[in-house]
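The values are calculated or read from the model by the stated rules, or taken from the named source; none is laboratory data. All of these numbers come straight from a predicted model, not from anything done at the bench. Cβ placement follows ideal geometry from the backbone for every residue including glycine, while neighbour counts extend to all protein chains displayed.
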Amino acid sequence: MSSDKFRIVIDPAAARDLKRLHRAHRDVCRHIVSTIDSLESSPFCGKPLKGNKKGCHSLRYGDYRIIYEIYHHLKTIHVLRIGHRREVYR
């Protein structure tokens, strides 16, 4: 593992979101997992969020969003939520 890669940590709430999504839309879930894996080498490709989610980033795959935080000093990405765009920001 190269030193410029980040480690990905999935929050229990995001794991539940992913499990729920897997039951309903397996193909979408597979693409979201590969999108999360791509964050390892390019964590800043997501859009920075404002408001009460300040400090978080949002990465999109179709109508779905991955909400995550970047911890530079720990070289860690913490995935907080995964869901449809109409629900994930609530």
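Key figures
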item	result
Segments classed as strands (runs of 3 or more DSSP E), wholly inside the stretch 15-90, with at least 3 members that are free of Cβ contacts under 8 Å to residues at least 40 places away in the same chain and within 20 Å of LYS5 (Cβ to Cβ)	64-71
Residue check for ILE67: surrounded by 13 or more Cβ atoms within 10 Å (Cβ to Cβ), within 16 Å of HIS31 (Cα to Cα) and modelled with pLDDT of 95 or more	yes
